[in-house]
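Everything on this sheet refers to the single structure shown next.
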Amino acid sequence: MTDTQPASIIDKLWDAHAITTREDGQTLLFIDRHLVHEGSFHAFDQLRNRAATIARPDLTFGIADHYVPTRPASSAANTEAAGMIEQLARNAREHGILSFGQFDQRQGIVHVAIPEQGLTLPGLSIVCGDSHTSTHGAFGAYAFGIGASEVAHVLMTQTLWQRRPRRMRIVVDGQLPAGTGAKDIALTIIARIGADGAQGYAIEYAGSAIIALSMEGRMTLCNLSIEAGGRLGLIAPDPTTFDYVRGLPFAPRGDDLDRAIADWRLLASDADAAFDREVALDASEIAPVVTWGTSPEQSAPIDGSVPDPTRMDDENKAKAAREAIGYMDLRPGQALSEIRIDRVFIGSCTNSRIEDLRAAAAILAGRRSRVPGLVSPGSLAVKHQAEQEGLDQIFRDAGLEWVASGCSMCVGMNGDTVPPGERCASTTNRNFRGRQGLGSRTHLMSPAMVAAAAVAGHLIDSRLLARE
Amino acid sequence: MRPFTTITALACKLAIDNIDTDQLIPARFMRRPRSVGYGNFLLHDLRFDTDGAPKPQFPLNDPNISGCEVILAGRNFGCGSSREAAVYALADYGIRVVIASSFGDIFASNAVKNGVLPAQISEEDSARLLLADELVERRPLTIDLVAQTITVGNLVVTFSIDLVWKKQLLNGWDDIDMTRSEAGTIARFAEQDEIRRPWMKPAGAPPPIPSRRGKNR
């Protein structure tokens, strides 16, 4: 590619990190940030088996999130989880990596806490052994999840072999209706293109509705790129991004920051850059969305109903719908707003940032939840801020548990799970069978929608409970 | 990594779309060391009831296909979490090939790194194979990686695979060895990159600390 050809941000980031390309077309990419967590232990074991060292400990950061207990009781109950956290600390010490452990003030979910520290920056390549690494694309970074063997590869070489992805642009123009947000955009996109609709693609999100999103909203949207099958999702950095990054602990300062911002401004896709696939959405048509099934593509606007598999043209989809409706214990044709819930969860790398907690608290203020539930802030910093704003008190007054920061009831590794057969309104990213615990049933939705469901005891359009 | 050329083996038909990695191995098993063998965790909650007894109707429990080395699945196999343990479960169970019309990106890459072939076929061929009588009669499939074909009875279907992955599977090659031969190129890139993007290194980050475990070879 020459300088004169118009290029997308995806191409520009790729080219900036391409070390060499083999004749078979695979490119060796330089990795600017490698994030590891407790689950990375398989990779450290591989390292040990080869008696190898970490190539760039200065670009490698550890953080405890998946197994962090959110309540004192669960830590005593789960010594295996405590062992996982200690194992990360041990690996970090042994290899000279800075790691934010369970009791570090910088701790949190890797995809919430790392951006807060200014370790996520525009123009970087970022990888982590967590599929939701696409979250960091919100900053205009080339960020993607990898497996344990790839974690070992990055640890040993600070590089990865990759094939240039196809480019997809999803343009969302117009103004979002009040009471809808990034989660609704994401679920609408996944329903439109399918849970494998972006497979093999890197996604650029663009358009006026995307530009209008805060960094929190952008992270939520990019986070869910993986749920559409995408390798990564990103948004060109702009003044919203630069304002967010300014002054963060590990971010460049002074002249370095000015120089950086000058570079970052050049990342935006050129006006006539080519994309392999384009999808357009009208923001004004987006409504609060909830999932009814066991794949994030099985969703509908809250005023809709559970579909009738006998009326589906695609036999595979009908079969999947039948199985999902069975697992979820629903009826074809049932109004979504009739679905009663047993508990709620607000948290996870998708929706545990301060804005998410504010949106949920706005609905819950002065009200009681009809069901039990957990609210887990995405980081200790978010926790402190929420407590300063009095949000924790609103959640407690509503009867919900305000707990510590971690992955918590999204993946259930730390002991926070939904009991078998129970139905949870959840701000998380996956409604897979058993995701929140064996036999659990998950409905994905935005924080405001979860809060509204808590108040009503059933799924409901949060706009009906919104105040002036 | 064990090289892969051709196998002839029984297949387990899982005619389900979107089998995610949470199904392939539920999260609660992932704190176990790999040395325990992950084969028993494969599709655990679909395979076993809550008492731990095998569900007779689940395809993998069909005694007629015991020892199967192939999984024939629907669309979007291995979507979701990046957990490589999903592939460990397949590999430890004895699965050498997964045939599907599409795969989760990270899953497919993880599969190759563990010698498991992700064979991608068209939606039409997927439907044909899932309906093939030969499979109902539980006859073995032949998967030929060189020719990129799947043969069962008289039915021959071609599959696609990234050419690099094909080469790695055929030779049992490891990425890390390939990359180490590029060490000089990587060092030169990093040096120039620091001049080009001085803002890239984390402010206040500790300098590289040599590990106690000795040098890379």
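The values are calculated or read from the model by the stated rules, or taken from the named source; none is laboratory data. The shown structure was predicted, so the numbers you read here are calculated from the model rather than taken from an experiment. Please note: Cβ atoms are built from the backbone with ideal geometry, for glycine as well, and neighbour counts cover all protein chains shown.
Summary table
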{"read-out": "Hits in region B:1-13 - residues which are assigned to a strand (DSSP E or B) and surrounded by fewer than 21 Cβ atoms within 10 Å (Cβ to Cβ)", "value": "B:T6, B:I7, B:T8, B:A9"}
{"read-out": "Only listed residue being at pLDDT 95 or above, more than 14 Å from every other protein chain (Cβ to nearest Cβ), crowded, with 20+ Cβ neighbours inside 10 Å and out of contact with any Phe, Trp or Tyr (no Cβ under 6 Å at 6 or more places or on another chain), chosen from A:R441, A:R463, A:R430, A:R423", "value": "A:R423"}
{"read-out": "Selected residue (only one of A:S446, A:S405, A:S440, A:S462 is polar (S, T, N, Q) and within 15 Å of A:D342 (Cβ to Cβ))", "value": "A:S440"}
{"read-out": "Flag for B:I95 being β-branched (V, I, T), in contact with a strand residue (DSSP E or B) (Cβ under 8 Å, 6 or more places away or on another chain), over 24 Å from A:T79 (Cα atoms) and away from chain A (no Cβ under 14 Å)", "value": "yes"}
{"read-out": "All positions within region B:43-86 that are under 26 Å from B:V136 (Cβ atoms), of a type in the set (K, R) and crowded, with 20+ Cβ neighbours inside 10 Å", "value": "B:R75"}
{"read-out": "Top-ranked residue in region A:264-278 [being surrounded by fewer than 17 Cβ atoms within 10 Å (Cβ to Cβ) and in contact (Cβ under 8 Å) with a residue 60 or more places away in the chain; ranked as nearest to the other protein chains (Cβ to nearest Cβ)]", "value": "A:L266"}
{"read-out": "Helices (runs of 4 or more DSSP H) completely within region A:143-217 that count 1 or more residues being within 13 Å of another protein chain (Cβ to nearest Cβ), more than 30 Å from A:H95 (Cα to Cα) and not small (G, A, S)", "value": "A:182-193"}
{"read-out": "Unique residue being closer than 21 Å to A:A381 by Cβ, at pLDDT 95 or above, of a type in the set (V, I, T) and in contact with a Phe, Trp or Tyr (Cβ under 8 Å, 6 or more places away or on another chain) when the list is A:I114, A:I109", "value": "A:I114"}
{"read-out": "Criterion: within 10 Å of chain B (Cβ to nearest Cβ) and either surrounded by 20 or more Cβ atoms within 10 Å (Cβ to Cβ) or in a strand (DSSP E or B) (or both) - qualifying residue of A:P296, A:P237, A:P249", "value": "A:P296"}
{"read-out": "Odd one out for A:G83 among (1) facing chain B (nearest Cβ under 8 Å); (2) small (G, A, S); (3) under 28 Å from A:Y142 (Cβ atoms); (4) assigned to a helix (DSSP H, G or I)", "value": "(3)"}
{"read-out": "Residue match in region A:55-73 (condition: assigned to a helix (DSSP H, G or I) and more than 8 Å from every other protein chain (Cβ to nearest Cβ))", "value": "yes"}
{"read-out": "Cβ-Cβ under 6 Å pairs, at least 6 apart or on other chains, region A:334-360 side farther than 19 Å from A:G406 by Cα, far side charged (D, E, K, R)", "value": "A:I341/A:R423; A:D342/A:E422; A:D342/A:R423"}
{"read-out": "Residues located in region B:30-50, provided they are farther than 22 Å from A:S295 by Cβ and within 12 Å of chain A (Cβ to nearest Cβ)", "value": "B:R31, B:R32, B:P33, B:R34, B:S35, B:Y38, B:F48, B:D49, B:T50"}
{"read-out": "Filter result (among the small types (G, A, S) and either crowded, with 17+ Cβ neighbours inside 10 Å or touching a strand residue (DSSP E or B) at 6+ places or on another chain (Cβ under 8 Å) (or both)) within region A:324-364", "value": "A:A324, A:G333, A:A335, A:S337, A:G347, A:S348, A:S352, A:A359, A:A360, A:A361, A:A362"}
{"read-out": "Test: B:L135 is under 20 Å from B:N154 (Cβ atoms), assigned to a helix (DSSP H, G or I) and more than 14 Å from every other protein chain (Cβ to nearest Cβ)", "value": "yes"}
